[in-house]
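> Mind having a look at this structure? Questions to follow.
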Amino acid sequence: MKLALGEYRNRGAANWGGAAVLIQFAQLARMSTRNDKEVSHKMSGTVADRKRLLHVTAGNLRQNHLYVTGHFDFFPADCVGSSKKTFDGSPTAVNIFLEGLNETIQTDIGSDPATGKPRSFLRGRSWVRKFYEHHKVKTGDLLALERTGTRNYRLYLFDNKVDRDLGWQASLEEPLATQGPTVLELFAGCGGMVLGFQRAGFETILANEWDAAACATIRKNLTNRVAQCGQ
């Protein structure tokens, strides 16, 4: 199956593995309490510890800024650098992998020369501009900044406003293709369970997912009855 917006293959493969085989769902449901605790223990904190969503504003696009106001706690405490406009190669910088561009940049958070307080955006404009242009980022889009290590992060387009405005409600007015059993799927991922139900003779009334690339994958391969919960 082709994956729309190829990035999804990298960050959503776990959603796909085993999902198309319905019998595995029952096996997972019978996991012991001991295993549940073991899995929970291995998790690296809450979602907020691993990923932050950054809302792109018109000002961001004009100034080629990436605002991190309200997310200073997501970075190492020593990540705030000098008041210089350009990055000076500080050893306390963080590394950010720019998905789609397949390159890693170093940056930090500059400080205000008057107050010494952290500024509201990551230092550097050229790499931000390249990222915006490559992904055709628009006002209202959401970017995800994911922590992959102590000082390592990954930046990717998480949610496209154009996709959110597709008007998925109209698809519910279309008649179903069959008269067989139906299913409503939440947390659909890239469509593994949708495919499994289809092969078992079910038809999906609606698949709900919040990842834009996953929704595009389902639309491209399986059904138009997809809603992003961000809508």
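The values are calculated or read from the model by the stated rules, or taken from the named source; none is laboratory data. Since the model is a prediction, treat every value here as computed from it, not as a measurement. Heads up, the Cβs are rebuilt from the backbone with ideal geometry, glycines too, and the neighbour counts pull from every protein chain shown.
> For segment 136-153, which positions are in a strand (DSSP E or B) and either without any contact (Cβ under 8 Å) to a residue 60 or more places away in the chain or outside the structural domain of PHE121 (by TED's automatic domain parsing) (or both)?
Selection gives ASN152, TYR153.
> Which residue pairs have Cβ atoms closer than 6 Å, lie 6 or more positions apart in sequence or on different chains, and pair a first residue in segment 183-208 that is polar (S, T, N, Q) and surrounded by fewer than 20 Cβ atoms within 10 Å (Cβ to Cβ) with a second residue that is modelled with pLDDT under 85 and part of a strand (DSSP E or B)?
Between residues of segment 183-208 that are polar (S, T, N, Q) and surrounded by fewer than 20 Cβ atoms within 10 Å (Cβ to Cβ) and residues that are modelled with pLDDT under 85 and part of a strand (DSSP E or B), the close pairs are ASN208/ALA227.
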